[in-house]
Amino acid sequence: MLEVRPSQRRGVANFGWLHSQHTFSFGSYYDPDQSGFSDLLVINDDRVRPGRGFDTHGHRDMEIVSYVLAGALEHKDSMGTGSIIRPGDVQMMSAGTGIRHSEYNASRAEDVHFLQIWITPDRKGVTPRYQQQHFADADKRGRLHLIISPDGAAGSLRVYQDVRVYAGLFDGAEQQRFVLPDHRFGYIQIARGALVVNGERLAEGDGARLRQVRALDFSQGEDAEVLLFDLRPNEAPND
């Protein structure tokens with residue numbers, strides 16, 4: 001079954017400097033029917049005004065992904081990491097025993113648009129770690145490319161969970177059939193553009209839960225960027 005989560009039904013937080021849309025319950029937005037899916041806990045679609053951002057704050061025992069779509073995101077953390085994350089870059093933080101970090105729009109002229117994704121880890125109390133990798137458009141063009149996995153396969157970033165994340169770019173006649181492993185859940189997030197999946201047209205910001213679905217046909221992209229999460233078959237984080 002493919003269960004669509006329409007963009008317009010997401011939670012919204014607008015602080016002037018930040019406009020955020022929440023696929024799942026987050027902050028002041030709470031929907032008991034949208035409290036994550038399997039080990040996927042948060043997908044926030046964030047747009048931050050020039051020169052503004054998130055002051056230093058802490059996290060523990062969480063796998064945190066930043067996926068930049070436009071602009072540049074400046075990151076600093078208590079491990080001494082400092083970096084600029086741009087489109088094509090994927091950042092992964094394993095918070096473990098505790099990490100403090102800040103995220104700011106690195107530009108004084110344009111917004112930064114990125115997805116903030118939280119995944120519940122399969123263990124607690126690990127030593128915090130930071131990873132960042134650039135994935136070229138050519139590797140994602142007309143296909144789903146592995147960007148996150150438990151074992152770092154094919155140059156992907158490592159996550160402390162039985163989760164695999166794929167990113168793809170589809171436009172025009174580009175198409176792909178992707179087959180999930182047996183007895184797995186999936187989640188699709190349209191980061192930008194529009195795309196047809198198994199005959200269902202999904203637009204920017206739309207998501208879809210996948211249960212008892214193996215074959216996925218991606219086609220008719222309209223400047224589309226999509227993420228696919230291959231997940232354990234449990235209904236909610238920490239089940």
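The values are calculated or read from the model by the stated rules, or taken from the named source; none is laboratory data. This structure is a prediction, so every number in the text was calculated from the model and none was measured. Positions of Cβ are generated from backbone atoms using ideal geometry, with glycine treated the same way; all protein chains shown enter the neighbour counts.
List of remarks:
- Segments classed as strands (runs of 3 or more DSSP E), wholly inside the stretch 158-239, with at least 1 members that are touching a Leu at 6+ places or on another chain (Cβ under 8 Å) and touching a residue at least 60 places away in the same chain (Cβ under 8 Å): 164-172, 185-197, 200-203, 207-210, 215-231
- Residue count, the stretch 125-157 (criterion: part of a helix (DSSP H, G or I) and either over 14 Å from L227 (Cβ atoms) or in contact with a His (Cβ under 9 Å, 6 or more places away or on another chain) (or both)): 6
- Remark: V65 falls outside the filter, which requires a residue to be assigned to a strand (DSSP E or B), closer than 19 Å to I188 by Cβ and in contact with a Gly (Cβ under 9 Å, 6 or more places away or on another chain).
- Of all residues in the stretch 27-56, those satisfying the criterion of being in a strand (DSSP E or B) and under 24 Å from A72 (Cβ atoms) are V42, I43, N44, D45, D46, R47, V48, G53, F54, D55, T56.
- From the options G53, G11, G88, residue that is among the small types (G, A, S), within 29 Å of L169 (Cβ to Cβ), in contact with a Leu (Cβ under 9 Å, 6 or more places away or on another chain) and free of Cβ contacts under 8 Å to residues at least 60 places away in the same chain: G53
- Scanning the stretch 109-123 for residues that are surrounded by 13 or more Cβ atoms within 10 Å (Cβ to Cβ) and over 15 Å from L41 (Cα atoms) yields a total of 5.
- Condition check for S20: touching a strand residue (DSSP E or B) at 6+ places or on another chain (Cβ under 9 Å) and within 23 Å of D162 (Cα to Cα): no
- The set of residues in the stretch 77-95 that are crowded, with 21+ Cβ neighbours inside 10 Å and β-branched (V, I, T) comprises I85, V90.
- Hits in the stretch 1-44 (condition: of a type in the set (A, V, I, L, M, F, W, C), closer than 19 Å to R192 by Cβ and surrounded by fewer than 14 Cβ atoms within 10 Å (Cβ to Cβ)): V12
One line per residue, one yes/no per condition, for (1) under 24 Å from R192 (Cα atoms); (2) loosely packed, with under 14 Cβ neighbours inside 10 Å; (3) at pLDDT 95 or above; (4) polar (S, T, N, Q):
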{"residue": "H75", "(1), (2), (3), (4)": "yes, no, no, no"}
{"residue": "T97", "(1), (2), (3), (4)": "no, yes, yes, yes"}
{"residue": "H134", "(1), (2), (3), (4)": "yes, yes, yes, no"}
{"residue": "A138", "(1), (2), (3), (4)": "yes, yes, yes, no"}
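- Every residue from the stretch 26-56 that is under 20 Å from R232 (Cα atoms) and either of a type outside the set (A, V, I, L, M, F, W, C) or more than 20 Å from the chain's Cα centre (by Cα) (or both): D33, Q34, S35, G36, S38, D39
- Within the stretch 1-26, the residues that satisfy the criterion of being among the small types (G, A, S) and part of a strand (DSSP E or B) are G11, A13, S20.
- Restricting attention to the stretch 151-209, the residues that are among the acidic types (D, E) and either under 27 Å from A95 (Cβ atoms) or within 18 Å of the chain's Cα centre (by Cα) (or both) add up to 4.
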